[in-house]
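Undergrad: Please find one structure pasted underneath; my questions will follow.
Computed from the coordinates by the stated procedures, all read-outs in this text should not be read as laboratory data. Computed from a prediction, not measured in an experiment: that's the story for all the values here. Cβ sites come from the backbone with ideal geometry, for glycine too, and all protein chains shown count toward neighbours.
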Amino acid sequence: EAGVVQSPRYKIIEKKQPVAFWCNPISGHNTLYWYRQNLGQGPELLIRYENEEAVDDSQLPKDRFSAERLKGVDSTLKIQPAELGDSAVYLCASSLDGGTRETQYFGPGTRLLVL
Amino acid sequence: AQKITQTQPGMFVQEKEAVTLDCTYDTSDPSYGLFWYKQPSSGEMIFLIYQGSYDQQNATEGRYSLNFQKARKSANLVISASQLGDSAMYFCAMREGPGGSYIPTFGRGTSLIVHP
């Protein structure tokens with residue numbers, strides 16, 4: 001069974017440029033998560049989807065970040081414009097549903113460097 | 001307040017020895033799940049073990065076991081017979097129930113180095 005797929009794996013951009021990350025979850029997983037992981041820290045949730053619906057986006061900086069999950073399958077996270085502080089690893093994860101017992105499975109992440 | 005606290009920034013263990021990685025959590029929700037993940041230098045988060053708040057027995061998965069002490073709100077990971085490939089970052093995570101909106105939170109992690 002294929003795992004969570006993310007692309008690109010690495011991205012280097014100049015500040016003020018836009019950037020987009022793509023994620024394809026494990027087949028059949030209804031819940032999809034986007035995390036940001038800064039160096040030396042644990043992942044922080046940006047947004048969580050239950051099917052097509054964003055059910056928690058309180059940590060998403062909405063002035064520059066946007067996300068969508070069309071048709072409840074794959075998802076795109078966008079930053080426009082990027083700032084130096086956005087340099088981090090962006091992780092996508094999925095789970096069968098959003099319950100307390102559900103294990104999240106992570107993709108390899110996208111390492112973003114903003115110059 | 002931190003919901004997940006991992007007090008050990010780094011740990012060293014000799015190959016074939018056992019090691020315990022500490023994790024304490026903070027929640028008032030009676031329903032929650034606790035998870036441990038391993039993150040090697042490649043960056044991918046790998047699920048290791050799960051413990052539910054209502055589970056009566058401590059979880060075990062191969063060489064991994066979770067020392068769950070509910071009254072102390074601790075969920076320490078025990079790795080037995082350490083291997084060189086166990087060298088990685090280890091993250092403790094919690095998922096609260098309805099009171100916490102099912103939002104998963106992670107600790108800052110512990111770096112484990114296994115030396116020969």
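Undergrad: Spot the failing condition for B:THR7; the list is (1) more than 19 Å from B:SER82 (Cβ to Cβ); (2) in contact (Cβ under 8 Å) with a residue 24 or more places away in the chain, and only one is missed.
TA: For B:THR7, the failing item is (2).
Undergrad: Would you check if B:PHE91 is in contact with a Gly (Cβ under 6 Å, 6 or more places away or on another chain) and not in a loop (DSSP other than H, G, I, E, B)? First the steps, then the outcome.
TA: Working: in contact with a Gly (Cβ under 6 Å, 6 or more places away or on another chain): yes; not in a loop (DSSP other than H, G, I, E, B): yes.
Considered against the rule, which asks whether it is in contact with a Gly (Cβ under 6 Å, 6 or more places away or on another chain) and not in a loop (DSSP other than H, G, I, E, B), B:PHE91 comes out as yes.
Undergrad: Name the single residue, out of those in region A:1-47 being free of Cβ contacts under 8 Å to residues at least 40 places away in the same chain and part of a loop (DSSP other than H, G, I, E, B), that is nearest to the chain's Cα centre (by Cα).
TA: Ranking the qualifying residues of region A:1-47, first place goes to A:GLY42.
Undergrad: I'd like to verify a number: residues in region A:106-115 that are within 12 Å of chain B (Cβ to nearest Cβ) and crowded, with 20+ Cβ neighbours inside 10 Å, how many? Quick ask: steps written out before the conclusion?
TA: To start, the set of residues in region A:106-115 that are within 12 Å of chain B (Cβ to nearest Cβ) comprises A:106-111.
Then keep just the ones that are crowded, with 20+ Cβ neighbours inside 10 Å; that gives A:106-107, A:109-110.
Qualifying residue count for the region: 4.
Undergrad: Same structure again: So B:ARG63 passes all but one of these: (1) buried (at least 16 other Cβ atoms within 10 Å of the Cβ); (2) within 22 Å of B:ILE113 (Cβ to Cβ); (3) of a type outside the set (Val, Ile, Thr); (4) without any contact (Cβ under 8 Å) to a residue 24 or more places away in the chain. Which condition number does it fail?
TA: So the condition that B:ARG63 fails would be (1).
Undergrad: Pick from region A:78-98 the residues that are in a loop (DSSP other than H, G, I, E, B) and more than 14 Å from chain B (Cβ to nearest Cβ): which of them is nearest to B:PHE91 (Cα to Cα)?
TA: Let us first name the residues in region A:78-98 that are in a loop (DSSP other than H, G, I, E, B), namely A:80-83, A:87, A:96-98.
When the remaining residues are screened for being more than 14 Å from chain B (Cβ to nearest Cβ), the result is A:80-83, A:87.
Numbers: A:GLN80: 30, A:PRO81: 31, A:ALA82: 28, A:GLU83: 27, A:SER87: 21 Å.
Here the residue is A:SER87.
Undergrad: Separate question: How many residues are of a type in the set (A, V, I, L, M), surrounded by 13 or more Cβ atoms within 10 Å (Cβ to Cβ) and either assigned to a loop (DSSP other than H, G, I, E, B) or more than 14 Å from every other protein chain (Cβ to nearest Cβ) (or both) if we restrict to region B:67-77?
TA: So the first thing to find is which residues in region B:67-77 are of a type in the set (A, V, I, L, M), and the list is B:71, B:75, B:77.
Among the residues that remain, those that are also surrounded by 13 or more Cβ atoms within 10 Å (Cβ to Cβ) are: B:75, B:77.
The next check asks that each one be either assigned to a loop (DSSP other than H, G, I, E, B) or more than 14 Å from every other protein chain (Cβ to nearest Cβ) (or both); those that pass are B:77.
So the count comes out to 1.
Undergrad: If you go through region A:15-31 one residue at a time, do you hit one that is hydroxyl-bearing (Ser, Thr, Tyr), surrounded by fewer than 20 Cβ atoms within 10 Å (Cβ to Cβ) and closer than 24 Å to B:SER41 by Cβ? Before you say what the answer is, go through the steps one by one.
TA: First pass over region A:15-31, keeping only residues hydroxyl-bearing (Ser, Thr, Tyr): A:27, A:31.
Keeping just the survivors that are surrounded by fewer than 20 Cβ atoms within 10 Å (Cβ to Cβ) gives A:27.
Filter once more, keeping what is closer than 24 Å to B:SER41 by Cβ: none.
No, region A:15-31 contains no residue that is hydroxyl-bearing (Ser, Thr, Tyr), surrounded by fewer than 20 Cβ atoms within 10 Å (Cβ to Cβ) and closer than 24 Å to B:SER41 by Cβ.
Undergrad: Need the failing condition index for B:ASP26 against (1) among the charged types (D, E, K, R); (2) surrounded by fewer than 17 Cβ atoms within 10 Å (Cβ to Cβ); (3) free of Cβ contacts under 8 Å to residues at least 24 places away in the same chain, just the number.
TA: The single condition B:ASP26 does not satisfy is (3).
Undergrad: Moving on to the next point. Please go through region B:72-116 and give me each residue that is in contact with a Lys or Arg (Cβ under 6 Å, 6 or more places away or on another chain), among the hydrophobic types (A, V, I, L, M, F, W, C) and under 14 Å from B:SER41 (Cα atoms), ordered by number.
TA: Answer for region B:72-116, where residues must be in contact with a Lys or Arg (Cβ under 6 Å, 6 or more places away or on another chain), among the hydrophobic types (A, V, I, L, M, F, W, C) and under 14 Å from B:SER41 (Cα atoms): just B:ALA88.
Undergrad: Please work out if A:ARG101 is surrounded by fewer than 20 Cβ atoms within 10 Å (Cβ to Cβ) and either in a strand (DSSP E or B) or out of contact with any His (no Cβ under 7 Å at 6 or more places or on another chain) (or both). So that I can check it myself, show each step before the final result.
TA: Working: surrounded by fewer than 20 Cβ atoms within 10 Å (Cβ to Cβ): yes; either in a strand (DSSP E or B) or out of contact with any His (no Cβ under 7 Å at 6 or more places or on another chain) (or both): yes.
Taking the combined requirement at face value, the residue satisfies it.
The rows are residues; the columns are (1) more than 24 Å from A:VAL89 (Cβ to Cβ); (2) outside any loop (DSSP other than H, G, I, E, B); (3) more than 9 Å from chain A (Cβ to nearest Cβ).
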| position | (1), (2), (3) |
| --- | --- |
| B:PRO30 | yes, no, yes |
| B:LEU34 | no, yes, yes |
| B:PHE47 | no, yes, no |
| B:GLN51 | yes, yes, yes |
| B:ASN58 | yes, no, yes |
| B:SER65 | yes, yes, yes |
| B:TYR102 | no, no, no |
| B:ILE113 | no, yes, yes |
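Undergrad: Restricting to region B:94-113, what's the tally of residues that are within 24 Å of B:VAL78 (Cβ to Cβ) and small (Gly, Ala, Ser)?
TA: Qualifying residue count for the region: 3.
Undergrad: May I ask you to list the residues in region A:38-77 that are small (Gly, Ala, Ser) and within 11 Å of chain B (Cβ to nearest Cβ)?
TA: Pass one, region A:38-77, residues small (Gly, Ala, Ser): A:40, A:42, A:54, A:58, A:66-67, A:72, A:75.
Hits for region A:38-77 are A:GLY40, A:GLY42, A:SER58.
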